Protein chains: 4
Amino acid sequence: MTHKIAILGASGYTGAELVRLIAQHPNMEITALSADRKAGLSMAQVFPHLRYLHLPTLCKIGEIDFSQIDMCFCALPHKTSQEVISALPSDLKIVDLSADFRLRDPADYKKWYGNDHAALAQQGEAIYGLSEFYRDDIRTARLVAGTGCNAATGQFALRPLIAAGVIDLDNIILDLKCAVSGAGRSLKENLLHAELSEGYHAYAVGGTHRHLGEFDQEFSALAGRPVQVQFTPHLIPANRGILATAYVRGDAGVVHDTLCAAYAQEPFIEVLPMGEVPSTRHVRGSNFCHIGVVADRIEGRVIVIAALDNLTKGSSGQALQNANLMLGEDETTGLMMAPLFP
Amino acid sequence: MTHKIAILGASGYTGAELVRLIAQHPNMEITALSADRKAGLSMAQVFPHLRYLHLPTLCKIGEIDFSQIDMCFCALPHKTSQEVISALPSDLKIVDLSADFRLRDPADYKKWYGNDHAALAQQGEAIYGLSEFYRDDIRTARLVAGTGCNAATGQFALRPLIAAGVIDLDNIILDLKCAVSGAGRSLKENLLHAELSEGYHAYAVGGTHRHLGEFDQEFSALAGRPVQVQFTPHLIPANRGILATAYVRGDAGVVHDTLCAAYAQEPFIEVLPMGEVPSTRHVRGSNFCHIGVVADRIEGRVIVIAALDNLTKGSSGQALQNANLMLGEDETTGLMMAPLFP
Amino acid sequence: MTHKIAILGASGYTGAELVRLIAQHPNMEITALSADRKAGLSMAQVFPHLRYLHLPTLCKIGEIDFSQIDMCFCALPHKTSQEVISALPSDLKIVDLSADFRLRDPADYKKWYGNDHAALAQQGEAIYGLSEFYRDDIRTARLVAGTGCNAATGQFALRPLIAAGVIDLDNIILDLKCAVSGAGRSLKENLLHAELSEGYHAYAVGGTHRHLGEFDQEFSALAGRPVQVQFTPHLIPANRGILATAYVRGDAGVVHDTLCAAYAQEPFIEVLPMGEVPSTRHVRGSNFCHIGVVADRIEGRVIVIAALDNLTKGSSGQALQNANLMLGEDETTGLMMAPLFP
Amino acid sequence: MTHKIAILGASGYTGAELVRLIAQHPNMEITALSADRKAGLSMAQVFPHLRYLHLPTLCKIGEIDFSQIDMCFCALPHKTSQEVISALPSDLKIVDLSADFRLRDPADYKKWYGNDHAALAQQGEAIYGLSEFYRDDIRTARLVAGTGCNAATGQFALRPLIAAGVIDLDNIILDLKCAVSGAGRSLKENLLHAELSEGYHAYAVGGTHRHLGEFDQEFSALAGRPVQVQFTPHLIPANRGILATAYVRGDAGVVHDTLCAAYAQEPFIEVLPMGEVPSTRHVRGSNFCHIGVVADRIEGRVIVIAALDNLTKGSSGQALQNANLMLGEDETTGLMMAPLFP
């Protein structure tokens, strides 16, 4: 059976990445692509690398007949997303890639995003889309909220450790190195090649990055008490990739064992041998996450490093993985391609 | 039926690219991987991005039982390749990615490569591996010689025009912009990131690049008389891609029509609408070649631009395409993946 | 004596480059910096790399007392520049970096830029700012028009050859490879790091690039008859640099001798030994232009390659060189810094 | 008076950077350049960007008449450096850029570098070359040991805080992002453009990086008791730059005030306004170090970020600054050039 797919917001990077992935999926067919400001254009005009595919012309959301759609990926900006989704048919299966349904508590949402949530009903039913940890809920969900790409990377490094109680919850530092496609196709001076290339810097320093809302929610729930991490992202002159360097306290051997056990059956999460470290270049374009553990020279200090591709495992690959679960497909279908190196 | 595959010289970039592609092929299984200096290592140690695959340990060529192999890809350096291939079973199907069997005339080989050819019998039977133009011969070939990556790009732009006699044969200039992976995994100062990044230059200027041997052979054969092109490659700070800017003389409309007609049925060659130009970023990681045609402001001058990924369509993708033909598979099997952008 | 300097349009890349250079000049002092949309900001807010300098706050043009200014650099967009300059005091020494005063014939201006020229008087008095060739006129000029950066590079490669009549005037092809800062600090999708990095393409193909107006004007004047070149620029993923590969017809030895003779006394133009080729990385951040000559394998064909930094020798360095001439300073003052490599 | 300068090991990046800087110095003249394996070549052959300078031909060290030298920069590999320096005239002023004389205790040297020190006498007299903190000793020193580039960056962020006792000495984490030129001009696979570009990773994780020897020595001396920091460097796809993100505990306001006070008179160290963060792109090619301070959302946690250019302030710029001190020149002579941006 072929699932009919709609992608809303197809003119951004995550939209293009969804098309790249779904084009290889044996049981999915792209039926509708929306992009309000680019409606009427072909996808080849917006993304020439997709010109070999026979894709529907970009349209406005209102032009889509959702009764014919089996799965709707929503790759719209946050805030727009909640407005759009609340107006879609209430039985339509949706994977949302925006930030709008990640936080369960409306007060948390307002704290991090500044506005009242405009789709409380949908917020209430949404499942947090970190596939490896919410798999069972996702299978039966109608609406899945894709995670932040930074939030996913940090959680892959830390969730099993917090759940198992093997690290000190009050001493967790996440230093992230993020490639530029995570900022989207937005026209900002600091994203220009001439500005970004050959230089790098920290941003949203001091605990202001919105993905902290997800860390707080998820880590506190896991621990059964409030957990706050320090989180400093850095913008790196590369197109794809997130490298999370987590500084934690515990026993390195136990940390490594805990991660190995947690991910032993996971097709996409690879824990490297003790002492080895991952590189973003070895997961580029793939749905894999590589995790390394190293003991620091200071007793009781451990460095856990996770690497993934922000557009694939960090957003669109995760979205497809969730859609597979929701549609009864094998979770890995269309997602086992090799990384592109060099 | 699953074809058993051996890759000789698996520790280089074209070897890794072959593994990446074959891993997605439904009817191929990698049975042996050789890398003389790295024998005994796992592929994951040499190429950590391939660690998710269950691959044979790297071995020496002598350890392979070729009676169990259906197709052997040979990704060795030139000169080594002819020595190795002349000692392989004479009925083994081989796609060679080196330069050793591209030139049909031993004198041409000596002229461009400096040494006498050590495998004249195999040289005699080898078919030139430009799939789109030697398809029928490749289907029944035992030994196929993969083309040079620059040679492939230039030929995609020019072969139909020379064959149709629609351009001036004495006024062809090929200005190529080549990404660095084409130079292989070789330890040279000018390939270091600190040397190459943020700068670019021409190399092998004036007609000394060895791929000219292929241009001379192929274009002269097509034209039925000697044809010499000017060819200047430039090294660009990017990892994958070749952009060939061809300056020719003729009528732009006729040139475009001729290319459109020649490639109308080709799954991997896309001729863009008149006046549009390709970019390497839109073919990265894929087996596609994009071609654009623009009329110059000077009457009778035309610019033809071709873009492809040197590691995929320029070498390993081409090799797999040829192997598909030789094994009776559909030519496109395992090769229809989308480019990776951004 | 210290010359008081104003820079109009100081918030763009050429403005910042002017500040970088003038900061090292022993006899210049920056007295006013304008940037209409950023008026009121400090230069450190707009360009943090300049924060160590004590610079005037950015202001609106109208706030500058030009009676106190000895030299005004105008780094405004074309069309704005002619409007602003026509309203400035008629005895103010000006080096304009825009395209507005490069073309002497108003009809040529309209042909390439689309609008009628709004400052015909100033256009009439402006001197074309290619320092090495208009040095004497520049010394006494009031208004100097900085050249296009591509136009400068092509002319350094070709002017002596056209002037000496040693190349075929009807067979000149200029294939340029241009770094991205030449496009300015403009917010366009194709200038984003995620779009540009790791890919490259041709643009303004077929004779539509406006710098052709300069080539036509200058080469025709030199030759004493109309000369049209083919010119195809390519956008390269690097921040600074232009590499011009010129395909010409003549005798390589004569071409090399002619260039050596023409530039023997020039402090900034270096002709490399016969057969050597330049790289943009070896002129980055400097006011040097390196030129190489190679004979092609085809008799009578020659490749001439020129490399310079588009922001320095291609615009702001040239501007300072011209200002030195206009102010009676040594032409090289403040400009002999080494390239930055790596 | 013009000081006669020798540079030993001039064919590496720090050697080339020394030449770049000294070429602008009004009172220094390069008299001798050594590079054992490249002796006999001109500097222009090894570093074409320096071809405009009239420099001595590269020679072997033994060919230099050190009696004519006022200042010798030694840019040799560690271990070689101690052998060479112990054989030089004992009254020759030397700035050594290697690791050989940074650690005062021979046992520390052996611990971090593996071999017994072969020049104990010189080790005893060497002054640690962090100009801002050892200025007085450097002025009268004969032999100054340039610091590690990572070590310099971390110390600029932390020394005043440790000295003032305003941070918790047992909770210091240094997460560094290092550009590739810090690895030198060495032929290693992981430094190739095709390997490094578009990817990044941690290295020497867990406390094995040799610059920790310097941190331990310096921070412990400052604190008057043993201090151990956690230090994780990451290799970033850029040519120049180190960004040190320091996670410390204290009061952010006090931290900022302490740094402002410490560096108020320093010409090269700029403490940004509270809450602003530096970028490597804003110090590239310059001798400046930018430092930012941000309070974390968690009470009592502070992030201090320092950025400098590893080849300039991190090594060759620092070396020239020290040479200025040793020769009685103004400390900033030849070093006040602006960063190169973009």
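The values are calculated or read from the model by the stated rules, or taken from the named source; none is laboratory data. Nothing here was measured: the structure is a model prediction, and the numbers come from that model. Glycine gets a Cβ as well: all are built from the backbone with ideal geometry, and neighbour counts include every protein chain shown.
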(request) Could you figure out which of (1) within 13 Å of chain C (Cβ to nearest Cβ); (2) assigned to a loop (DSSP other than H, G, I, E, B); (3) modelled with pLDDT of 95 or more; (4) crowded, with 19+ Cβ neighbours inside 10 Å isn't true of residue B:170? (result) (4)
(request) Go through the range A:173-191 and give me each residue that's part of a loop (DSSP other than H, G, I, E, B) and of a type outside the set (Lys, Arg). (result) A:179, A:184, A:186, A:187
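Quick check: anything in the range B:169-179 under 22 Å from the mean Cα position of the chain (by Cα) and small (Gly, Ala, Ser)?
The initial filter retains those residues of the range B:169-179 that are under 22 Å from the mean Cα position of the chain (by Cα), namely B:172-179.
If we keep only those that are small (Gly, Ala, Ser) as well, we get B:179.
Checked the range B:169-179: at least one residue is under 22 Å from the mean Cα position of the chain (by Cα) and small (Gly, Ala, Ser).
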(request) Being within 7 Å of another protein chain (Cβ to nearest Cβ) and at pLDDT 95 or above is the filter here, so list the residues in the range D:174-190 that pass it. (result) D:175, D:177, D:180, D:181
(request) Might you check whether a residue that is in the same structural domain as residue A:265 (by TED's automatic domain parsing), in a helix (DSSP H, G or I) and small (Gly, Ala, Ser) occurs anywhere in the range A:128-139? (result) no
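Return yes or no: is residue C:52 without any contact (Cβ under 8 Å) to a residue 40 or more places away in the chain, within 14 Å of chain D (Cβ to nearest Cβ) and within 21 Å of residue D:282 (Cβ to Cβ)?
Answer is yes for this residue.
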(message) Can you report the number of residues in the range A:32-52 which are closer than 19 Å to residue A:72 by Cβ and assigned to a helix (DSSP H, G or I)?
(response) 3
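Listed here are the residues, each with its yes/no results for (1) among the aromatic types (Phe, Trp, Tyr); (2) out of contact with any helix residue (DSSP H, G or I) (no Cβ under 8 Å at 6 or more places or on another chain); (3) in the same structural domain as residue A:249 (by TED's automatic domain parsing); (4) more than 22 Å from residue A:208 (Cβ to Cβ).
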position	(1), (2), (3), (4)
A:155	no, no, yes, no
A:168	no, yes, yes, yes
A:175	no, yes, yes, no
A:185	no, no, yes, yes
(request) Specify which of the listed residues (A:25, A:78) is touching an Asp or Glu at 6+ places or on another chain (Cβ under 6 Å) and either in a loop (DSSP other than H, G, I, E, B) or closer than 24 Å to residue B:278 by Cβ (or both). (result) A:78
(message) List pairs: first residue in the range B:165-185 and over 24 Å from residue B:314 (Cα atoms), second residue surrounded by fewer than 19 Cβ atoms within 10 Å (Cβ to Cβ) and among the acidic types (Asp, Glu) anywhere in the structure, Cβ distance under 8 angstrom, at least six positions apart or on different chains.
(response) B:166/B:251
(request) Would you mention how many residues in the range C:320-342 are surrounded by fewer than 23 Cβ atoms within 10 Å (Cβ to Cβ), within 14 Å of chain D (Cβ to nearest Cβ) and not aliphatic (A, V, I, L, M)? (result) 3
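With in contact with a helix residue (DSSP H, G or I) (Cβ under 8 Å, 6 or more places away or on another chain) and within 22 Å of residue B:307 (Cα to Cα) as the only criterion, which of B:134, B:109, B:128, B:203 stands out?
B:128
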(request) Please enumerate the residues belonging to the range D:1-52 that are surrounded by fewer than 24 Cβ atoms within 10 Å (Cβ to Cβ) and in contact with a Cys (Cβ under 6 Å, 6 or more places away or on another chain). (result) D:39
(message) Step by step: first the residues of the range B:295-319, then only those that are β-branched (Val, Ile, Thr) and buried (at least 24 other Cβ atoms within 10 Å of the Cβ), then the one that is nearest to residue B:18 (Cα to Cα). Which residue is that?
(response) B:312
(request) Could you name every one of the helices (runs of 4 or more DSSP H) located completely within the range A:192-285 that has at least 3 residues being away from every other protein chain (no Cβ under 11 Å) and either surrounded by fewer than 19 Cβ atoms within 10 Å (Cβ to Cβ) or hydroxyl-bearing (Ser, Thr, Tyr) (or both)? (result) A:211-223, A:252-263
(request) Collect the residues in the range D:25-43 that are among the small types (Gly, Ala, Ser), in contact with a helix residue (DSSP H, G or I) (Cβ under 6 Å, 6 or more places away or on another chain) and within 14 Å of chain C (Cβ to nearest Cβ), keeping them in residue-number order. (result) none
(message) Among the listed residues A:295, A:261, identify the single one that is closer than 20 Å to residue A:175 by Cα and of a type outside the set (Ser, Thr, Tyr).
(response) A:295
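When you look at residue A:97, is it closer than 30 Å to residue A:68 by Cβ and either modelled with pLDDT under 95 or surrounded by 14 or more Cβ atoms within 10 Å (Cβ to Cβ) (or both), yes or no?
yes
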(request) Six or more apart or on different chains, Cβ under 7 Å: which pairs go from a residue in the range A:296-320 that's over 25 Å from residue A:247 (Cβ atoms) to one that's among the aromatic types (Phe, Trp, Tyr)? Could you list them? (result) A:311/A:13; A:319/A:73
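Checking the structure you have, find out if any residue of the range B:295-306 is assigned to a loop (DSSP other than H, G, I, E, B), closer than 19 Å to residue C:203 by Cα and in contact with a Cys (Cβ under 9 Å, 6 or more places away or on another chain).
Applying the first criterion (assigned to a loop (DSSP other than H, G, I, E, B)) to the range B:295-306 yields B:296-300.
Retained after the next criterion (residues that are closer than 19 Å to residue C:203 by Cα): B:296-298.
Keeping just the survivors that are in contact with a Cys (Cβ under 9 Å, 6 or more places away or on another chain) gives none.
No, the conditions are met nowhere in the range B:295-306.
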(request) State all residues of the range B:70-87 that are surrounded by 20 or more Cβ atoms within 10 Å (Cβ to Cβ) and out of contact with any His (no Cβ under 7 Å at 6 or more places or on another chain); if no residue qualifies, say none. (result) B:72, B:73, B:74, B:75, B:76, B:81, B:84, B:85
(request) May I ask you to list the residues in the range B:81-124 that are among the β-branched types (Val, Ile, Thr) and either free of Cβ contacts under 8 Å to residues at least 60 places away in the same chain or not in a strand (DSSP E or B) (or both)? (result) B:84, B:85, B:94
